[in-house]
Amino acid sequence: MYLLTCMFMLIIIMVSVGFFTLLERKVLSYMQVRKGPNKVGHSGLLQPFSDGLKLFFKENIFPLNSNYLIYYLCPVFSLIQSLFMWCLFPYYINCVSFMFGFIFFLCCSSLGVYSLIICGWASNSVYSILGCLRSVSQAISYEVSISLILFMYFFLLNSYNLADYYFFQTDIWFIFFSLPMFFCWLSCCMAETNRSPFDFSEGESELVSGFNIEYGASGFAFLFISEYSSIIFMSMLTTLVFLGGDYYSLLFYFKIIMLCFFFIWVRCSLPRYRYDKLMYLAWKSYLPVSLNYLFFFLFIKSLIFYHFFL
């Protein structure tokens, strides 16, 4: 039963990635005062399936100087890594309860750096190497802030289990007493998933397409699916940690859709950040704020402990 549930979830994630790309193209087009995809199916509803079929049936080409085996295995590794994180999804029934869910998430998300390094290195292209170096330094920098933000709530809840976040937010959502952390978390999520305004790994204006410049056909499709499934997962995690986490209700999924829309909205509205400012933001803004809030949460925890146990 667990296996069937996981397989069903993976199919749903694939379909949701397809429709997320359609949503992104529609929102981008309407914000730029044009129509967007509207030919395949009713109002372009079948466009994601058409694009997927086109990508998977295209001929695979590879650069002559590339490391052939690693070049082809890397997108598959990237896809497996992004889908592996979805094991943490807290089911209401048939729940595989992860007692150390957040530690598992940090381990899986840190593995994404390796796929970026290998993708950039395997094709032996100058542009892809530049993209992978920038994205690796960016991902490592922002993982520090993400880890600190998550550990704050561990100190408050004394639990790594994702399912516990719903029980602790029945009276008040965590966003109401840690609003600055919510905005820091959103920025870190955009940097972690390589989205605008922090899309330095792809940097279309100066690096053509960054680390995946040499990838086409199925390789590009795998990288594309892994990026968008990571965005949906980070939206789900944000809802779980900050916005109530009522994963058995329909409202939970509307919150995820709104956060996915926020990712697209930021892409439409903001230009790409400068690289030195990105690093400055991580180490001199988010890190001190996260550390201060960590001590604040420890203070609250000590007050609770003093009140109930002494």
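The values are calculated or read from the model by the stated rules, or taken from the named source; none is laboratory data. Quick caveat, the model's predicted, so the values are computed rather than measured. Here Cβ is always computed from backbone atoms with ideal geometry, including for glycine, and neighbour counts include all displayed protein chains.
Between Ser82, Ser29, the distinction of being over 30 Å from Ser147 (Cβ atoms), assigned to a helix (DSSP H, G or I) and modelled with pLDDT of 85 or more belongs to Ser29 only. For Ile93, the conditions (1) of a type outside the set (Phe, Trp, Tyr); (2) touching a helix residue (DSSP H, G or I) at 6+ places or on another chain (Cβ under 9 Å); (3) modelled with pLDDT of 80 or more are fulfilled apart from (3). Selection of first residues in the stretch 264-283 that are within 17 Å of Ala139 (Cβ to Cβ) and of second residues that are surrounded by 13 or more Cβ atoms within 10 Å (Cβ to Cβ) and of a type in the set (Val, Ile, Thr), restricted to Cβ pairs under 9 Å at least 6 apart or on distinct chains, gives the following pairs, ordered by first then second residue: Ala282/Val144; Trp283/Val144. Inside the stretch 248-263, residues that are touching a residue at least 60 places away in the same chain (Cβ under 8 Å) and more than 15 Å from the chain's Cα centre (by Cα) make up a count of 1.
Just so you know, in the stretch 169-217 the residues that are at pLDDT below 80 and part of a helix (DSSP H, G or I) include one that is farthest from Ile264 (Cα to Cα), and it is Ala217.
Selection of first residues in the stretch 144-167 that are surrounded by 19 or more Cβ atoms within 10 Å (Cβ to Cβ) and of second residues that are in a helix (DSSP H, G or I) and charged (D, E, K, R), restricted to Cβ pairs under 9 Å at least 6 apart or on distinct chains, gives the following pairs, ordered by first then second residue: Ile146/Glu192.
Considering the stretch 51-72, the residues that are under 27 Å from the mean Cα position of the chain (by Cα) and surrounded by 15 or more Cβ atoms within 10 Å (Cβ to Cβ) include one that is nearest to Ala122 (Cα to Cα), namely Tyr71. The requirement of being among the small types (Gly, Ala, Ser), part of a helix (DSSP H, G or I) and modelled with pLDDT of 80 or more is satisfied by Ser141. Taken together, the criteria place Pro90 among residues that are in contact with a Phe, Trp or Tyr (Cβ under 7 Å, 6 or more places away or on another chain) and not in a helix (DSSP H, G or I).
Failed condition for Tyr160, given (1) assigned to a helix (DSSP H, G or I); (2) closer than 20 Å to Ser110 by Cα; (3) under 20 Å from the mean Cα position of the chain (by Cα); (4) of a type in the set (Phe, Trp, Tyr), with all others met? All conditions are met except number (1). Would the stretch 36-44 turn up any residue that is assigned to a helix (DSSP H, G or I), more than 19 Å from the chain's Cα centre (by Cα) and touching a residue at least 24 places away in the same chain (Cβ under 8 Å)? No, every residue in the stretch 36-44 fails to be assigned to a helix (DSSP H, G or I), more than 19 Å from the chain's Cα centre (by Cα) and touching a residue at least 24 places away in the same chain (Cβ under 8 Å). Taking the residues in the stretch 284-297 that are surrounded by 13 or more Cβ atoms within 10 Å (Cβ to Cβ) and not small (Gly, Ala, Ser) as candidates, determine which candidate is nearest to Leu156 (Cα to Cα). Only one residue fits best here, namely Phe297. Only one entry in Ser78, Ser16 is in contact with an Asp or Glu (Cβ under 9 Å, 6 or more places away or on another chain), surrounded by 13 or more Cβ atoms within 10 Å (Cβ to Cβ) and in contact (Cβ under 8 Å) with a residue 12 or more places away in the chain, namely Ser78. Every test in (1) charged (D, E, K, R); (2) under 17 Å from Tyr166 (Cβ atoms); (3) buried (at least 21 other Cβ atoms within 10 Å of the Cβ) is passed by Glu214 save one, and that test is (2). For Ser128, the stated conditions hold: it is assigned to a helix (DSSP H, G or I) and polar (S, T, N, Q).
Can you tell me which residues in the stretch 99-125 are touching a residue at least 40 places away in the same chain (Cβ under 8 Å), small (Gly, Ala, Ser) and assigned to a helix (DSSP H, G or I)? Scanning the stretch 99-125 gives Gly101, Ser109, Gly112, Ser115, Gly120, Ala122.
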